[in-house]
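The values are calculated or read from the model by the stated rules, or taken from the named source; none is laboratory data. Quick caveat, the model's predicted, so the values are computed rather than measured. Please note: Cβ atoms are built from the backbone with ideal geometry, for glycine as well, and neighbour counts cover all protein chains shown. Quick note on the areas: whole protein, heavy atoms, side chains included, nothing else; ligands and nucleic acids left out. Shrake-Rupley method; radii C 1.70, N 1.55, O 1.52, S 1.80 Å.
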Amino acid sequence: MEPAADDPAVSAAPAGRPGARRRPGVPDVFDPYLYAAGVPHERYRVLRDRYPVAWQEEPEVAGWPAGPGFWAVTRHADVVRVLRDHTTYSSWLGATQIRDPDPADLPFLRRTMLNQDPSPGPCGPGETPARHGRLRRLVSRAFTPARVGAFAGRMRERARTLLAAARDAAEDGAADVVRTVTDEYALLGLTDLLGVPAADRGLLLEWTVRVIGYQDPEDAPAPLLGPDGTPLNPRSPALLGEMFGYARELAAYKRAHPADDVMTVLAHAGLDPAELEMFFFLLTVAGNDTVRGSAPGGLLALARDPGAYRTLAEGAVPSAAAVEELLRFHPPVLSFRRTAARDTELAGTPIRAGDKVVVFHASANHDERVFTDPHRLDLGRSPNPHVSFGDGPHVCLGSHFARLQLRTLYEEWCAAMPPPELAGEPRRLVSHFINGITRLPLRVSGPRR
């Protein structure tokens, strides 16, 4: 823990102003290597208590160049305010990752609704308002309750099959459930929903790892370097050509062979090629990694709290409520960035137009002002207003599908597996964006209770 200093507050320091510095006593929550050791909850607590909107520096990390700095927002109420107020805190102006994109890539990144604002958006000269509403309505039709519910039986069979295979193949009664269960489970659910042929599902995992794990030298392939020797952004158009080509081919196939899946909906929706490509990118990466990050995080939380697991396995708490608490405890996404569209003030801190404003979901989910005893895993917690799927106009459209996947997996674990017990040290993803677990050795053989 970094001790809190006696400074009354962080001074206003606009992004990029020479001399802007993190004040003494304000903990660093930018360094992605911090998160390899665990979510820095004690640092978040210091920020919530003393510096709820705190200036953070962006030093160079592992070859990724330094940035101008940003405001870290850690209290639940302030996080919700930022996520809901798109006219003040824009996704369009600078996209949604902490690190600034190459200016040449920004028009490309704005093709996805994740990096758009509901109209009217804060557009620059010559730009038209983002088409966020139209695109969001389109995806809403693709994620109807009927379509999501149609996958419930297949999802349960997937979970049973993967858990049985992990148990049967276990060495000394233990298995890495990330490798044997949760990665494959998340991927199969996504390919079922999208209508991707089973033979191609490995491509989706490869693309997801490349985009999500880019900060982790062990999880992702070595980054490609640009002419200046710095790593190329894995979200840049230069590195997504293979994925986009596949999206066009799959859409053409769905136009000729329609089915009850999301890619068929998109293929017949009248999207221009760029919109179709970016939809496929968003669904592939976000749709896969939401469950890919949440599922092992939930199992790890249950392994560390056998009493909580018993309440779930014995039916003392509804599985749907347990899913919400496990999502609160281990949100799949750690942070999202916005850019101030105008001068404003947040929690008493002046923020200037152009400043980066980054919300920290895991901190908001553990805010003592909202959640009683927030570090206790309470599977029956109610109410549970976590922000693990965001809030406001960008709340996750696939959240119902993700919840169904998670509920099914936990139910099947309780029905067929021994209580989760660590059989080795888990490994966390090096990332300040995704709350990932890349290795989770658990006991998978033994009595069910």
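Of the peptides 259-266, 246-253, how do they stack up when ordered by the mean number of other Cβ atoms within 10 Å, highest first? Walk me through the numbers before you get to the answer.
Values: 259-266: 19.6, 246-253: 17.1.
Those peptides, ordered most packed to least, come out 259-266, 246-253.
Compare the peptides 303-316, 325-338 by average per-residue count of other Cβ atoms within 10 angstrom and give them in order, highest first. Mind dumping the intermediate values first?
Working: 303-316: 16.0, 325-338: 24.6.
Result, highest mean first: 325-338, 303-316.
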Legend entry - Proximal charge balance of Glu412 [Cβ under 10 Å; K/R count +1, D/E count -1]: +2
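Taking a temperature of 37 °C and a viscosity of 0.692 mPa s, what whole-number D in µm²/s does Stokes-Einstein yield for the range 273-346 with Rh from Kirkwood over alpha carbon pairs? Numbers along the way, then the final one.
Details: Rh = 15.2 Å.
Value of D from the Cα-based Kirkwood radius: 216 µm²/s.
Using a cut-off of 9 Å between beta-carbons, work out the net charge of the residues near Ala175 (Lys and Arg +1, Asp and Glu -1, Ala175 not included). Mind dumping the intermediate values first?
Working: positive: Arg167, Arg179, Arg443; negative: Glu171, Asp176.
My count for the surroundings of Ala175 gives +1.
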Inset, instruction - Please build a GNM for the chain, connecting alpha carbons under 10 Å apart, and tell me which residue among Gly67, Gly390, Gly398 fluctuates the most. - result: Gly67
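Around Pro318, under 11 Å between beta carbons, what's the net of Lys plus Arg minus Asp minus Glu among the other residues?
On the way: positive: Arg407; negative: Glu324, Glu325, Glu411.
Within the 11 Å Cβ shell, the charges total -2.
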Inset, instruction - Mind ranking 171-182, 84-95, 152-163 by how tightly packed they are, going by the mean number of other C-beta atoms within 10 angstrom, highest first? - result: 84-95, 171-182, 152-163
Inset, instruction - Would you mind telling me the share, in percent, of accessible area of the chain contributed by carbon and sulfur at probe 1.4 angstrom? - result: 54 percent
Inset, instruction - Please give the contour-minus-distance gain from Arg448 to Glu157: 0.36 nm per residue of separation, less the Cα-Cα distance, rounded to one decimal in nm. - result: 102.9 nm
Inset, instruction - Over 24 Å, how big is the tail of the calculated P(r) for the range 301-433, in percent of all Cα pairs? - result: 40 percent
Inset, instruction - Run the numbers on the chain and let me know its relative contact order in percent, using alpha-carbon pairs under 8 Å that are six or more apart. - result: 24 percent
Legend entry - Under the Debye formula (equal points on every Cα, no solvent term), log10 I(q)/I(0) of the chain at q = 0.08, 0.13, 0.14 Å⁻¹: -0.45, -1.25, -1.45
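Counting only heavy atoms of protein chains, what accessible area per residue, in Å², does the chain have with a probe of 1.4 Å?
Details: 17860 Å² over 449 residues.
The answer is 40 Å² per residue.
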